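Every read-out reported here was derived from the displayed coordinates using simple, explicitly stated rules and does not represent laboratory data. These numbers come from a predicted model, not from an experiment. In this analysis, Cβ positions are derived from the backbone assuming ideal geometry, glycine residues included, and neighbour counts consider all displayed protein chains.
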Ligand code: SF4
């Protein structure tokens, strides 16, 4: 599991064990997700896409490999 702080109140986690290389996340939020040489999702260093784009990427992942979690501030 790889995770990063997306905004002060939101954390994004990716589960590479679930990823099936569809690349839809990288198309919807290209400043947040990319696929590596194996075709598996990885997180970029930021600055990230806006929350709407990242939420769209998570919602469109066919295997729910992108998890968004609120963070207590
Ligand atoms: S959309 Fe989901 S399955 Fe497709 S590359 Fe991204 S994390 Fe992997």
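Mean separation of Cα pairs under 8 Å and 6+ residues apart, divided by the residue count of the chain: what relative contact order is that in percent? Taking the mean separation of contacting Cα pairs over the length of the chain, I get 38 percent. Calculated from the alpha-carbon coordinates, the chain shows an Rg and a Dmax of 11.0, 36 Å respectively.
Over the residues of the chain, the helix contribution to mean residue ellipticity at 222 nm works out to -5500 deg cm²/dmol, using -39500 (n - 2.57) for each DSSP H run of at least 4.
With the cut-off at under 20 Å, measuring from each backbone N in region 24-40 to a point 7 Å along the Cα-to-Cβ line of residue 60 picks out 24-36, 39-40. Helix 51-60 axis versus longest C-alpha principal axis of the chain: approximately 40°, rounded to the nearest ten. Counting beta carbons within 10 Å around each of 42, 52 and listing the fewest first gives the order 52, 42. Computed packing ranks the peptides 19-29, 59-69 as 19-29, 59-69, most packed first, by mean other Cβ atoms within 10 Å.
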